[in-house]
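What follows is a short report on a single structure.
The values are calculated or read from the model by the stated rules, or taken from the named source; none is laboratory data. What you are looking at is a predicted structure, and each value in this text was computed from that prediction instead of being measured. Ideal geometry is used to build each Cβ from the backbone, glycine not excepted, and the neighbour counts take in all protein chains shown.
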Amino acid sequence: MAATLRVCSLYPELMNIYADRGNIAVLRARCAWRGIGFELARASVGETVDAGAHDLFYMGGGQDRDQAAVARDMVATKREALHRAAARGAVVLAVCGGYQLLGAGYELGGEELPGVGLVDLRTVREPGPRLIGNCAIEADLGSGPRVIAGFENHGGRTYLGEGERPLGRVLSGHGNNGKDGFEGVHRGNVIGTYLHGPLLPKNAWLADRLIELALGVELQPLDDAMEDAAHESALSAAGL
Ligand code: GLN
């Protein structure tokens, strides 16, 4: 297969808790194992992105203070390009703190961090404990219902706007807000989720599906004995 997956990692040094950069390692490995090229670019504070130069944009999770540092910068320097990229079908994958910045904004401590408005959602701090623990959801990314397992730890509660689709239905854990039974967001090829792990090592099928969506290809399965064991272990941690 002659394709190359061109990935742009957003704010990699600021948005990388729970080793979220491991998601990039999984995408790279699964491309290499199939003879698909892999290019990694990065864009951080003050840097613009080229909407047409990447097939997949990625942002990991972050502490509130790191999110504050990136939120305004992302709106100022990357918002337009991300909208153009999403409109042409590029995959945008955002985890936890990154996910919270995909929507209208994140309100914390009387301050409103702006979001890039790729999807219709709002995140707020409400009284109550952080939502922490192993989590499993059922999601359908166009290849039939599958389970995604991971670990969540967020103080923010996310509410989707009317008509916005969640990434999945919570099987175990808290999800977006601990109330409505939904987790993440999924519009076109824009995907947000609270699940760390990192996410993709525990859900190799999801890594493959993202590569398929980003490149418009169909992938043949690999020998995933180890990856399947990691998935099973994450499922059992979540009580499934
Ligand atoms: N700082 C955000 C929150 O606590 C996101 C945390 C994270 O990325 N794990 O809600």
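Every condition in (1) of a type in the set (Val, Ile, Thr); (2) over 22 Å from residue 153 (Cβ atoms); (3) within 17 Å of the chain's Cα centre (by Cα) is met by residue 193 except one, and the failing one is (2). Quick one: is residue 148 β-branched (Val, Ile, Thr), in contact with a Lys or Arg (Cβ under 7 Å, 6 or more places away or on another chain) and in a strand (DSSP E or B)? In short, no. Can residue 155 be described as modelled with pLDDT of 95 or more, closer than 20 Å to residue 234 by Cβ, within 16 Å of the ligand (Cβ to nearest atom) and not polar (S, T, N, Q)? Criteria not met by residue 155.
Matching residues to (1) outside any helix (DSSP H, G or I); (2) surrounded by fewer than 20 Cβ atoms within 10 Å (Cβ to Cβ):
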| position | (1), (2) |
| --- | --- |
| 166 | yes, no |
| 210 | no, no |
| 213 | no, no |
| 219 | yes, yes |
| 226 | no, yes |
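The lone criterion from (1) surrounded by fewer than 18 Cβ atoms within 10 Å (Cβ to Cβ); (2) away from the ligand (no atom under 16 Å from the Cβ); (3) of a type outside the set (D, E, K, R) left unmet by residue 91 is number (1). Screening 55, 66, 50, 73 for residues that are within 16 Å of the ligand (Cβ to nearest atom) and charged (D, E, K, R) leaves exactly one candidate, 66. Across segment 140-152, the number of residues qualifying as surrounded by fewer than 22 Cβ atoms within 10 Å (Cβ to Cβ) and either modelled with pLDDT of 95 or more or of a type in the set (D, E, K, R) (or both) comes to 8. Go through the residues of segment 164-174 one by one and say whether even a single one is in contact (Cβ under 8 Å) with a residue 24 or more places away in the chain and either within 13 Å of the ligand (Cβ to nearest atom) or touching a helix residue (DSSP H, G or I) at 6+ places or on another chain (Cβ under 8 Å) (or both). Yes, segment 164-174 contains at least one residue that is in contact (Cβ under 8 Å) with a residue 24 or more places away in the chain and either within 13 Å of the ligand (Cβ to nearest atom) or touching a helix residue (DSSP H, G or I) at 6+ places or on another chain (Cβ under 8 Å) (or both).
Among residues of segment 33-48 that are of a type in the set (Val, Ile, Thr), those with a beta-carbon under 9 Å from a residue that is surrounded by 14 or more Cβ atoms within 10 Å (Cβ to Cβ) and in a strand (DSSP E or B) at least six positions away or on a different chain give the pairs 36/5.
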